Amino acid sequence: MGSLSGESKYHVVLFPFMSKGHTIPILQLARLLLRRQISVTIFTTPANRPFIAKYLSNTAASIIELSFPENIPEISSGIENTDKLPSISLFPYFAFSTKLMQPEFERALAYLPSVNFMVSDGFLWWTLESAIKFGFPRLVFFGMSNHAMCMGKAINDNRLFFGPESDEELITVTPFPWIKVTKSDFEPFFSDPQPKGLYFEFVVLAFEAAANSHGYIMNSFYELEQVFVDYWDNTGAPTAWCVGPLCLAEPPSVEREPDKKSAWIQWLDQNLEQGHSILYVAFGTQAEISSEQLKEIATGLEESKVNFLWVLRHKESQLEDDFEERIKGRGIIAREWVDQREILEHQSVQGFLSHCGWNSVLESICSGVPILAWPMMAEQPLNARMVVEEIKVGLRVKTYDGSVRGFVKREGLMKSVRELMEGEMGKKVRKKAKEVAEMAKNTMEDETGSSWRNLDLIIHKTCNAERK
């Protein structure tokens, strides 16, 4: 099939969830659509608009603001992004409040040029109702791997978690006999015979809407997850279309003058000149790390003697007063938003201590950087298994008691860090990471890559289908 480049008759609506980890991949998807001369309209809220506008500043994308609901119980006024929530426990209240945007969303849709299809975040379940009302298909984006979706479906369909096994006991996943998981790899409701609560109600709404949507947009590539994509598409569920890694849709970074580089990149440049390898450390914007665990991380990194760049959120930034002085020259702390992709692409960065959010996994894979997996929430334990056991591009941090989500002591972290950065196992996963990086780049090649062709196929099938 030929490329769609040159055509300009289609119009796509994108509606990301209000969280950077959910928004960025959809903005990257916008770039791929715009390169095909497709009109793109993005919906967001006033506080999230500046980030989106800056991200797509050199494009023809249109942005429409919707007012974020006010007077929401538990949610302080002015919070329009989950990154700003004081606790992730408030997430269900935040997620449910988005449905109050539906009337304004539909009023805006009524004035738009004809929409061929919409890609909306899976957390915005109510947008399916709007798509049906206006007669265009909704494709859903969850921002997770095919592996994680298949594990959840297999566990649920086969009722594998209702036996006598403990939370940490390995259980064989029936459709994938080589894969073993534990109850702790999943959210608690997977093993609850009678799940309830606000979060569970939200999950049910999101996945029921997804099951009735036109298909899934997957930020992954077929060659990475072939067995899982094939399994999913044989279950009768809406098709999962792999169109990633979406981070590769970014325009190539331009080499900047030294005085215009960020402090982090300048520091990495200095280490590269000195022949030092750097461990990048970041745990995302949502995970909540206790002060006790934070202290163990700091001590473990210090005692590992490796050079590191550690990104800390403001609410996590309570380290010992003299810690930064003790690590000066060998370690550096960033307490603001950083361009993670730029850091991972830097030649000096040879390892990533990560929470295994799927965006971070893909960015690391695409940069050929091996991962030291330390999952903390959501489907991250499944991503960690994928990284270590399936793709084999990383190692796993050991908890003190061997549990999936347990406490990590300084000695265990120090040992894991040294193995990744200096050990034989580290060399092996680093070699594999570089091989997978090359595979990822090939999938996004114009005209020929599997992900490129998949997106063309979605557009042809969806836009040329007879409208209801």
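For the range 258-441, the equivalent ellipsoid derived from the Cα gyration tensor has semi-axes of 22, 21, 15 Å, listed largest first.
Net charge dipole, the range 258-441: roughly 560 debye, given to the nearest 20, about the Cα centre with Cβ charges of +1 for Lys and Arg and -1 for Asp and Glu. In a simple Cβ point-charge model (Lys, Arg +1; Asp, Glu -1; nothing else charged), the chain has a dipole of about 640 debye relative to its Cα centre.
Label-to-label distance, Ser184 versus Glu129, with points set 7 angstrom from Cα along the beta-carbon direction: 4.0 nm. Stretching Ser62 away from Glu411 to a fully extended chain increases their span by 120.5 nm, per 0.36 nm per residue minus the current alpha-carbon distance. For a paramagnetic label modelled on Gln226 (point 7 Å from Cα along Cα→Cβ), amide N atoms under 19 Å away belong, within the range 414-455, to 432-445, 448-455. To the nearest ten degrees, helix 146-157 and the longest principal axis of the Cα atoms of the chain are 80 degrees apart. With unit charges on the beta carbon (Lys/Arg positive, Asp/Glu negative), name the residue among Pro164, Tyr280, Thr98 whose Cα is farthest towards the positive pole of the charge dipole of the chain. It is Thr98, whose Cα lies furthest towards the positive end. Of the residues Val338, Phe134, Phe15, the one whose Cα sits farthest toward the positive end of the charge dipole of the chain, with +1 on the Cβ of Lys and Arg and -1 on the Cβ of Asp and Glu, is Phe134.
What is the range 1-144 by shape, rounded, prolate or oblate, if you read a ≥ b ≥ c off the alpha carbon gyration tensor as root eigenvalues and call it rounded for a/c under 1.5, prolate for a/b larger than b/c, and oblate otherwise? Numbers along the way, then the final one.
Working: a/c = 2.00, a/b = 1.60, b/c = 1.24.
Judged from the Cα gyration tensor, the range 1-144 comes out prolate (a/c at least 1.5, a/b above b/c).
Give the longest segment of the chain that steers clear of GluC sites (Glu not before Pro) in DSSP loops with at most 16 neighbouring Cβ atoms within 10 Å, not counting the sites themselves. Numbers along the way, then the final one.
Working: sites that count: Glu7, Glu70, Glu74, Glu165, Glu168, Glu169, Glu223, Glu255, Glu288, Glu320, Glu336, Glu445, Glu447, Glu466.
Result, exposed sites excluded: 337-444.
Of the trypsin sites (Lys or Arg not before Pro) found in the range 120-185, the ones in coil according to DSSP and having at most 15 other Cβ atoms within 10 Å of their Cβ are Arg159. Each label was represented as a point 7 Å from its Cα along the Cα-to-Cβ direction; for Leu100 and Glu424 these points are 6.1 nm apart. Against the chain, whose longest principal axis is taken from its Cα atoms, helix 198-211 shows a tilt of about 60°.
Can you give the % of DSSP beta bridges in the chain that are antiparallel, to the nearest 5? Looking only at bridges with both residues in the chain, the antiparallel portion is about 5 percent. For Phe407, the amide hydrogen comes within under 5 Å of the amide hydrogens of Tyr400, Asp401, counting only partners 5 or more places away or on other chains and with H modelled in the peptide plane. Using only the alpha-carbon atoms, how far is helix 20-35 inclined from the longest principal axis of the chain? Give it as 0 to 90 degrees, nearest 10. The answer is roughly 60 degrees. With the charge dipole of the range 258-441 set up from +1 on Lys and Arg Cβ and -1 on Asp and Glu Cβ about the Cα centre, the Cα lying farthest toward the positive end among the listed residues Gln347, Trp267, Leu312 is that of Gln347. Computed extension length for Thr448-Ala211: 82.3 nm, one decimal, from 0.36 nm per residue of separation with the Cα-Cα distance subtracted.
Within the shell defined by Cβ-Cβ distances under 11 Å, the residues around Leu124 carry a net charge of 0, with Lys and Arg each +1 and Asp and Glu each -1. Look at the alpha carbon pairs under 8 Å that are at least 6 residues apart: their mean separation over the length of the range 258-441 gives a relative contact order of 23 percent. Look at the Cα gyration tensor of the range 179-320: its axes a ≥ b ≥ c give a/c of at least 1.5 with a/b at or below b/c, and that counts as oblate. Legend: residue pairs Lys153/Lys392; Lys305/Lys415; Lys84/Lys328; Lys295/Lys428; Lys183/Lys431; Lys20/Lys153, Cα-Cα distance threshold 20 Å; pairs beyond threshold, Lys153/Lys392; Lys84/Lys328; Lys295/Lys428; Lys183/Lys431; Lys20/Lys153.
Just need the Rg to Rh number for the range 204-285, please, alpha carbons only, Kirkwood Rh. Could you put the intermediate results ahead of the total?
Numbers: Rg = 20.3 Å, Rh = 17.0 Å.
Taking Rg over the Kirkwood Rh, I get 1.20.
One chain, two ends: Gln37 and Thr399. Fully extended at 0.36 nm per residue, the span grows by 125.4 nm beyond their Cα-Cα distance. Using only the Cα atoms of the chain, each taken as one equal point scatterer with no solvent, compute I(q) by the Debye sum, divide by I(0), and report log10 of the ratio at q = 0.14 Å⁻¹. The Cα Debye sum returns log10 ratios of -1.55. The fewest-to-most ranking of Ser364, Ser97, Ser416 by surrounding Cβ atoms within 10 Å reads Ser97, Ser416, Ser364.
Since every read-out is calculated from the coordinates, none of them should be taken as a lab result. If you're wondering where the values come from, they're calculated on a predicted model, not measured in any experiment. All Cβ positions, glycine included, derive from the backbone under ideal geometry; neighbour counts span all protein chains shown.
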